[in-house]
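Down below is the structure, laid out as structure tokens.
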Amino acid sequence: MGFGTLGVVKRWELVTARPRPGGSRLAVAAVLTAVVAGVLVVGRVLAADPIGYGVPVWPFADSADVAEDRVMRSVVTAARADAASLGNLTGVPTAVAAGDVEVLDTEVQPSGMAVWMLLRLHVPSVGTRCREVVVLGATPVEVNSRTVACVRHPA
């Protein structure tokens, strides 16, 4: 007579798959390819408007972009100074108009807390470039811009 299932003892073993060296190399190659492709896409986007994205440095920006950034910094400084002195943004278009900056079009929100401007920048040693600039809030002032074509508003 037996003692139930004690007569038959099962032996359990942990079975693991052996790693294949070719599979891990393929995975590493796929990850590296994806990373390089992602970096190239991000670089291309940043190079399209390095001033707007806040990266006026090589390899995204050339010397013309660096010169444009200097002019835009003066625009941002003037906008912030005017907003701080007045407490609203209604005087910003007048404040940013200087020797290198020409205000082509402007739209001030009735509350005076947002301004949209189309600027023509006369960039030294480069020529003329145009940007749409949005100024938001009084304190702190947020200034955003993007490159636009100057053909809509001839000189």
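The values are calculated or read from the model by the stated rules, or taken from the named source; none is laboratory data. All figures in this text were calculated on a predicted structure; none of them were measured in a lab. Neighbour counts run over all protein chains shown; Cβ positions are idealised from the backbone, glycine included.
If a residue has to be of a type in the set (Gly, Ala, Ser) and touching an Asp or Glu at 6+ places or on another chain (Cβ under 9 Å) to count, how many in the stretch 63-77 make the cut?
Within the stretch 63-77, residues that are of a type in the set (Gly, Ala, Ser) and touching an Asp or Glu at 6+ places or on another chain (Cβ under 9 Å) number 1.
Could you say which residue among 80, 25, 11, 44 is modelled with pLDDT under 85 and surrounded by 10 or more Cβ atoms within 10 Å (Cβ to Cβ)?
25
Which residue is nearest to residue 102 (Cα to Cα), if the candidates are limited to the stretch 53-72 and must be acidic (Asp, Glu) and crowded, with 20+ Cβ neighbours inside 10 Å? Write out each step before concluding.
In the first step, residues of the stretch 53-72 are kept if they are acidic (Asp, Glu); the result is 62, 65, 68-69.
Those still in the list that are crowded, with 20+ Cβ neighbours inside 10 Å too: 65, 68.
Numbers: 65: 18, 68: 14 Å.
Among residues in the stretch 53-72 that are acidic (Asp, Glu) and crowded, with 20+ Cβ neighbours inside 10 Å, the one nearest to residue 102 (Cα to Cα) is 68.
Would you kindly identify the strands (runs of 3 or more DSSP E) lying entirely within the stretch 70-155 that contain at least 3 residues that are more than 23 Å from the chain's Cα centre (by Cα)?
Correct list: 101-108.
Let's see how each residue does on (1) under 16 Å from residue 140 (Cα atoms); (2) surrounded by fewer than 16 Cβ atoms within 10 Å (Cβ to Cβ); (3) touching a Pro at 6+ places or on another chain (Cβ under 8 Å):
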position	(1), (2), (3)
87	yes, yes, no
98	no, yes, no
102	no, no, no
109	no, yes, no
117	no, no, yes
123	no, no, no
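Checking the structure you have, find out if any residue of the stretch 88-98 is of a type in the set (Gly, Ala, Ser) and under 24 Å from residue 42 (Cα atoms).
Checking the stretch 88-98: not a single residue is of a type in the set (Gly, Ala, Ser) and under 24 Å from residue 42 (Cα atoms).
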